């Protein structure tokens, strides 16, 4: 059964917005690197807009190769520092203060609407159809609901500020310029996690652990699993991407199969150990780099430096908790 809002349509919407940002960047003569910055977002936008067309026209193999080349180009542009922030007209302090006084705490309404509408749509619109058409894509229900939540937030923002759709796009460009290459990290890291799983990295981890760690040492296996989760998360930026690799390589063959550990607390504490790595890596861009950019901190790694003592303390606590709780 078809759906009114599908995941493909959401991707197309993202692609269209990115192309509007590309056009604005090219027209911004105050941006010293507007050509390479526009190319960066253009390449990123084509993945959302034209992937299905490439697959249908050229087949999966060729389409994947083309997208792979685009990913390499995106990485090179970011790696060589070819992104720059555009020029924007800033309102005076008095203008911003007057606007803040007028809107008051209602400014938080759009931000609150996103999670509230997402949860309500996910719970209430599951399996709901009209005239044989689902309202939301049932295979990607949460993402479709998130899109509805974001659109609701934009509409509320327009009402509160008296802005226009074009103004919303301009602000999107300003935020993306401030965030920079970190905005594409979640999608890149998701692909990296898929590559690790397809390459059977978990099996390789199991073989390496067998060479250097005594399989009878419960404590060392717990330490290797927790520290490995933190380190892989630091590399991949997300504990969800590190989890299948380390669990397949250490937790399942050694702790669960050999030492009969309780899987529930084992994998739960293992994920918490991974989150300790999230606190210590720039790859966790949403948590560590984006806030520094939006707050315009002089040291973009200040958030990470502040979190490191807490992360190491939590990691040590997770190791002890796992050791004393998982074995029956």
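The values are calculated or read from the model by the stated rules, or taken from the named source; none is laboratory data. Everything quoted here is computed from the prediction, not taken from an experiment. Please note: Cβ atoms are built from the backbone with ideal geometry, for glycine as well, and neighbour counts cover all protein chains shown.
Being assigned by TED's automatic domain parsing to the domain that holds residue 145, at pLDDT 90 or above and at negative phi: is that true of residue 112 here? Walk me through it before giving the result.
On the way: assigned by TED's automatic domain parsing to the domain that holds residue 145: yes; at pLDDT 90 or above: yes; at negative phi: yes.
For residue 112, the condition - assigned by TED's automatic domain parsing to the domain that holds residue 145, at pLDDT 90 or above and at negative phi - is met.
Considering the conditions (1) closer than 30 Å to residue 2 by Cα; (2) in a loop (DSSP other than H, G, I, E, B); (3) in the same structural domain as residue 20 (by TED's automatic domain parsing), residue 126 is excluded by exactly one of them, (3). If you check residue 148 against the conditions, is it more than 26 Å from residue 100 (Cα to Cα) and buried (at least 19 other Cβ atoms within 10 Å of the Cβ)? In short, yes.
Scanning segment 21-35 for residues that are surrounded by fewer than 18 Cβ atoms within 10 Å (Cβ to Cβ) and assigned to a helix (DSSP H, G or I) gives 23, 26, 27, 35.
Within segment 76-102, track down each residue that is touching a residue at least 40 places away in the same chain (Cβ under 8 Å), in a helix (DSSP H, G or I) and more than 21 Å from residue 160 (Cβ to Cβ). Once the filter is applied, which keeps residues that are touching a residue at least 40 places away in the same chain (Cβ under 8 Å), in a helix (DSSP H, G or I) and more than 21 Å from residue 160 (Cβ to Cβ), segment 76-102 yields 77, 78. Quick check: anything in segment 141-150 part of a helix (DSSP H, G or I), touching a residue at least 60 places away in the same chain (Cβ under 8 Å) and assigned by TED's automatic domain parsing to the domain that holds residue 281? No, segment 141-150 contains no residue that is part of a helix (DSSP H, G or I), touching a residue at least 60 places away in the same chain (Cβ under 8 Å) and assigned by TED's automatic domain parsing to the domain that holds residue 281. Residues in segment 297-316 that are in contact with a helix residue (DSSP H, G or I) (Cβ under 8 Å, 6 or more places away or on another chain) and either surrounded by fewer than 16 Cβ atoms within 10 Å (Cβ to Cβ) or not assigned by TED's automatic domain parsing to the domain that holds residue 219 (or both): 297, 299, 301, 302, 312. If the condition is being surrounded by 19 or more Cβ atoms within 10 Å (Cβ to Cβ) and farther than 22 Å from residue 81 by Cβ, then segment 158-195 contributes only 193. If you check 72, 55 for being assigned by TED's automatic domain parsing to the domain that holds residue 29, free of Cβ contacts under 8 Å to residues at least 60 places away in the same chain, over 27 Å from residue 145 (Cα atoms) and part of a helix (DSSP H, G or I), only one passes: 72. Of all residues in segment 151-186, those satisfying the criterion of being touching a helix residue (DSSP H, G or I) at 6+ places or on another chain (Cβ under 8 Å) and either over 25 Å from residue 103 (Cα atoms) or not in a helix (DSSP H, G or I) (or both) are 163, 164, 177, 179, 180, 181, 182, 183, 184, 185, 186.
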